[in-house]
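Structure record follows, encoded as structure tokens.
The values are calculated or read from the model by the stated rules, or taken from the named source; none is laboratory data. Note that the coordinates shown come from a computational prediction; the quantities given were computed from them, not determined experimentally. Cβ sites come from the backbone with ideal geometry, for glycine too, and all protein chains shown count toward neighbours.
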Amino acid sequence: MSNVKSLIRVLNGETITPPPCWLMRQAGRYLPEYREIRSTTENFLDFCFTPELAAEATRQPLRRFDFDAAIMFSDILVIPHGLGQKVTFKQGEGPILDALETSQDIAKLDLSLVRIRLAPVMQTVREIVAGLDNSTTLIGFAGSPFTVALYMIEGRGGTEGTKTRHWAAERPDEFMALMNVLCMATSTYLIEQVNCGAEVLQLFDSWAGLLPESQFRKWIIEPNRRIVESVHAVHPNVPIIGFPRNAGVLYRDFVEGTGVQGISIDSTVPLRWAAKELQPLCTVQGNLDNHLLCSGGITMEEEVRAILTVLGSGPFIFNLGHGVLPLTPVENIARVIEIVRGTA
Ligand code: 1CP
């Protein structure tokens, strides 16, 4: 047995059977014990910035399930907060931000605040690392610039990113200024997470699939590439997983263009296409549909087996195509893990 953790081994190109497994949003509202500790704090960001609570939320799913990774409990919107933008979350609602409207609003963002404002997240990372067993990998993360910019400009979730897409197309120099600030803040933040003990990083570009090819190259591939380069300049061996959700055939260009070690694919990506086009380039992570996980039953089980059959013969991490939904029954997750582990 190698003493290198399984998640790191597959991200270095090894094939492991059964594959390592974790789930996006494995912490959170589907767990009663999460809802319990969450109810102690009204504003979600305050919860994220309380290291004992955030570390506890990180550990909760690991007590129930045999996951190979822990993902630091935080949110992608800590970066706008770190830059001085007003960000709030009311319980049961999504995020509300004081939306950026002009180039002056971009100019007001303050990179010098990031380190101090996000210091509590670093304390969370240290706390998680201190209690981690020697087979579980700690994943740090950040949102990618386009996805974070979308929330900064729209001011809330549940949009189609209309204002953001128009700003990027009509005033690209201003939009580039925002992307530059986000690339710098995000790189600093991720480097700091690794300094504090994160072993793998994931970049969430949840809204990448909104963009046509030319814009995808400019606002998705290039910023993610710059962040990978900046992080690897300081920590050359830390594996980075990219997640340009809904990128379709552009997943391949994303992998080639950014230099990531892993690619997290959404549930619409055909398995055989991923095995043929992506797996020779890097480790593939995915891609059980989160709604199938929520429904459970034979349809879910067959899908899990199909994913393992097609992607399990190369470097692979079992995961979802997007985060666990709040209404997901806990038993369905236990069942998926049994099948992945081959104990079912
Ligand atoms: O009230 C609550 O308890 C808040 C719910 C919640 C949780 C549990 C939010 C608000 N964020 C999180 C945690 C979170 N968010 C994690 C860590 C936990 C884990 O994975 O186990 C991570 C990695 C994220 C990342 C995140 N936040 C993304 C990228 C991934 C994705 O789902 O696409 C995005 C887009 C967000 C924004 C966000 N934060 C929260 C909500 C409800 C949203 C979505 C807003 C929207 O677009 O509607």
Considering residues of region 43-69 that are in a helix (DSSP H, G or I) and of a type in the set (D, E) only, the residue farthest from the ligand (Cβ to nearest atom): E52
Exactly one condition in (1) within 14 Å of the ligand (Cβ to nearest atom); (2) over 21 Å from H291 (Cα atoms) is false for L11; which is it? (1)
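Consider G242 carefully, then state whether it is modelled with pLDDT of 95 or more, within 15 Å of the ligand (Cβ to nearest atom) and either touching a strand residue (DSSP E or B) at 6+ places or on another chain (Cβ under 6 Å) or among the β-branched types (V, I, T) (or both). Reasoning before the result, please.
Details: modelled with pLDDT of 95 or more: yes; within 15 Å of the ligand (Cβ to nearest atom): yes; either touching a strand residue (DSSP E or B) at 6+ places or on another chain (Cβ under 6 Å) or among the β-branched types (V, I, T) (or both): yes.
Taking the combined requirement at face value, the residue satisfies it.
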Residues satisfying the stated conditions in region 126-149, i.e. within 25 Å of R225 (Cβ to Cβ) and either of a type in the set (S, T, N, Q) or over 16 Å from the mean Cα position of the chain (by Cα) (or both): T137, S144, T147
Go through region 310-335 and give me each residue that's touching a helix residue (DSSP H, G or I) at 6+ places or on another chain (Cβ under 8 Å), more than 15 Å from I265 (Cβ to Cβ) and either within 16 Å of the ligand (Cβ to nearest atom) or outside any loop (DSSP other than H, G, I, E, B) (or both). V324, L325, L327, T328, V330, N332, I333, A334, R335
Scan of region 1-17 for residues that are crowded, with 17+ Cβ neighbours inside 10 Å and not basic (K, R), ordered by number: S6, L7, I8, V10, L11
Inspect all residues belonging to region 107-121 and state whether any of them is without any contact (Cβ under 8 Å) to a residue 40 or more places away in the chain, surrounded by 14 or more Cβ atoms within 10 Å (Cβ to Cβ) and assigned to a loop (DSSP other than H, G, I, E, B). yes
The helices (runs of 4 or more DSSP H) lying entirely within region 141-196 that contain at least 2 residues which are crowded, with 19+ Cβ neighbours inside 10 Å, of a type in the set (F, W, Y) and touching a residue at least 60 places away in the same chain (Cβ under 8 Å) are 145-154
What's the number of the only condition in (1) in contact (Cβ under 8 Å) with a residue 24 or more places away in the chain; (2) away from the ligand (no atom under 16 Å from the Cβ) that P236 fails to meet? (1)
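Here's the yes/no breakdown for (1) under 18 Å from G323 (Cβ atoms); (2) in contact with a strand residue (DSSP E or B) (Cβ under 7 Å, 6 or more places away or on another chain):
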| position | (1), (2) |
| --- | --- |
| T40 | no, no |
| L62 | yes, yes |
| D68 | yes, yes |
| G84 | no, no |
| I128 | no, yes |
